[in-house]
1. Per residue, what volume in Å³ does the convex hull of the Cα atoms of the stretch 93-138 enclose?
2. Rank these by accessible area, largest first, 1.4 Å probe: 358, 299.
3. Restricted to Cα positions, what overall size does the stretch 1-105 have along the principal axes? Three whole-Å values, descending.
4. What's the extension gain from residue 108 to residue 182 if we count 0.36 nm per residue and subtract their Cα-Cα distance?
5. Going by average Cβ density within 10 Å per residue, which order do the peptides 291-297, 22-28 take, highest to lowest?
6. Looking only at Cα atoms, what is the convex hull volume of the stretch 103-201 per residue, in Å³?
7. Using the Kirkwood formula on the Cα atoms of the chain, what hydrodynamic radius do you get, in angstrom to one decimal?
8. Roughly what percent of Cα-Cα pairs across the stretch 264-351 reach past 16 Å?
Amino acid sequence: MISAAFTSTARSWAPAGDNIMTPWAEDVDPSCPRGEYPRPQMVRNSWLNLNGLWEYGITDASADSFAPEGDILVPFAVESSLSGVGRKVGKDKALWYERSFTLPRDWKKQNVLLHFGAVDWMAQVWVNDFYVGEHRGGFDPFHFDVTEYLLKSGPQNIKVKVWDGTDSSWQPRGKQVENPAYIWYTPVTGIWQTVWIEFVPKTHIVKAKLTPDVDNVALNIEAMLEGVARLEVEVRYKGRIVGKTEVESDGGIAYVHVPLEEKYLWEVGNGRLYDLYLEYGEDKVQSYFGLRSIKFDGYKFLLNGKSVFQRLVLDQGFYPDGIWTAPSDAELEADIDRSLAMGFNGARLHQKIFEPRYHYHADKLG
């Protein structure tokens, strides 16, 4: 990862309010909280984490500008303690974010993608005062290609305006409500997953869908590609090469079948994972997968053809200090460890789409 340098002077931060704090809250680094790569199934080395202190302001929903009121710690929702703000916004207001950063010298050689892990609910984005787009949806990741909006040198500026109607509007909202009580919980407004910039060659892998084939001991890949190149695929298990192939592509969708020389099934309690390496032109992506099949036989849940009785913990996905956002990656993993220690073999993820790193830890821990 490339370090993101703030153009402003160092600023102070402290949790807001008197909420219960998890032990991991003490480890939050305001210069770059949640600094790990946020998308484990499609990892690139050239990226820039934009988490940290941003300026924020709350205005009328119709406002087209804002005056900064202080700092907010991204990626924690404005209502949370870890945001350093601890304020509600509501349907009649808008939440604004702004920060500046400096790009590395070699960014001009590649396309620059601005990623948002999740923003609840409607987000409008400007880069260097150019309007780059809007996204609606509080749970899903989105990105914009901002290459054409970047300055040749000096600080780059990002502004984000967020509106969220919570339970006064029609959008999916999970357990959050404006006035929490009983089984209804604190509202979540704004950025609540990692913001980052990714540098990709013009010829690159857009995305890849991985489907394991247990019966034939193979992996099927459906890759969306940009540009003309050769797609090279390599599969490893504990460092050993166990599968390899390549195909020529002129872009669009490529379908690849990769036979595996060694068979290691992913099972409950044994999260055996294969490492996957994809190369398309100058673009290099690392991923992973488990060799497993899931089927239902009436009421029976079959994993790799064997019946497994599911003992599932109900996971609401709320944290006392970060609300929807875990204070650290270690807490995501510890949450699963606690479930396993209590005898559960799975989790029912409730009323919220969890971040990709949670699923990665679940895959790894079995």
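1. Enclosed volume per residue, from the Cα hull, is 103 Å³.
2. Correct descending sequence by accessible area is 299, 358.
3. Here the Cα extents, ordered largest to smallest, are 41, 36, 31 Å.
4. So the chain would gain 21.4 nm between residue 108 and residue 182.
5. 22-28, 291-297
6. 100
7. After inverting the mean inverse Cα-Cα distance, the result is 22.1 Å.
8. Of all Cα-Cα pairs in the stretch 264-351, 69 percent lie more than 16 Å apart.
The values are calculated or read from the model by the stated rules, or taken from the named source; none is laboratory data. Being a predicted model, the structure only gives us computed values, none of them experimental. Positions of Cβ are backbone-derived with ideal geometry, glycine not excepted, and every protein chain shown enters the neighbour counts. Heavy atoms of the whole protein, side chains included, go into the accessibility calculation; ligands, DNA and RNA do not. Shrake-Rupley method; radii C 1.70, N 1.55, O 1.52, S 1.80 Å.
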